[in-house]
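Just so it is clear, none of the values below were taken in a lab; they were calculated from the coordinates. Here the structure is a predicted model, which is why all the values come from computation and not from measurement. All Cβ positions, even for glycine, are placed from backbone atoms using ideal geometry, and neighbour counts span all protein chains on display.
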Amino acid sequence: MTDRIDSESAGAIDYIAVEESPRLQKLKRTQRSFIFPMAALFLIWYFVYVLLAAFATEFMGQRVWGDITIGLLLGLGQFVSTFAITMGYVAFANRKLDPIAQEIREELEKVEAQA
């Protein structure tokens with residue numbers, strides 16, 4: 001299989017070839033290498049929080065400072081971790097995914113312009 005994404009007919013895009021191209025496969029593998037581990041870590045973190053809230057109420061209710069409890073801090077940590085993962089993904093995509101996607105898009109636009 002070659003890395004060409006244009007078909008035999010002039011200017012027509014062979015979308016099956018694009019889907020099977022090594023660059024698109026690499027792009028998908030690279031994206032999944034970030035998404036799946038981060039999703040798993042976040043879900044584990046989320047379920048630990050929920051289980052602690054359900055079964056360790058005394059622990060979650062311990063006051064840290066004034067009316068601030070461990071449960072409140074861990075709950076706010078859910079939001080912080082969501083933003084951190086989002087910022088990490090944006091940086092990862094800018095560094096690793098966007099250059100590959102740009103190459104694929106430029107080649108497709110060149111094929112389309114020939115039509």
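Assuming 0.890 mPa s and 25 °C, estimate D for the chain with Stokes-Einstein, Rh taken as the Kirkwood radius over Cα pairs, in µm²/s.
It diffuses with D of about 138 µm²/s by this estimate.
Summing -39500 (n - 2.57) over the DSSP H runs of n ≥ 4 in the chain and dividing by its residue number, what mean residue ellipticity at 222 nm do you reach, to the nearest 500 deg cm²/dmol?
Rounded to the nearest 500, it is -24000 deg cm²/dmol.
Going by C-beta contacts inside 10 Å, put W45, W65 in order with the fewest on the left.
If I rank by nearby Cβ atoms, fewest first, I get W65, W45.
For a quick check: sort D67, D14 by the number of other beta carbons within 10 angstrom, fewest at the front.
The order, fewest Cβ neighbours first, is D67, D14.
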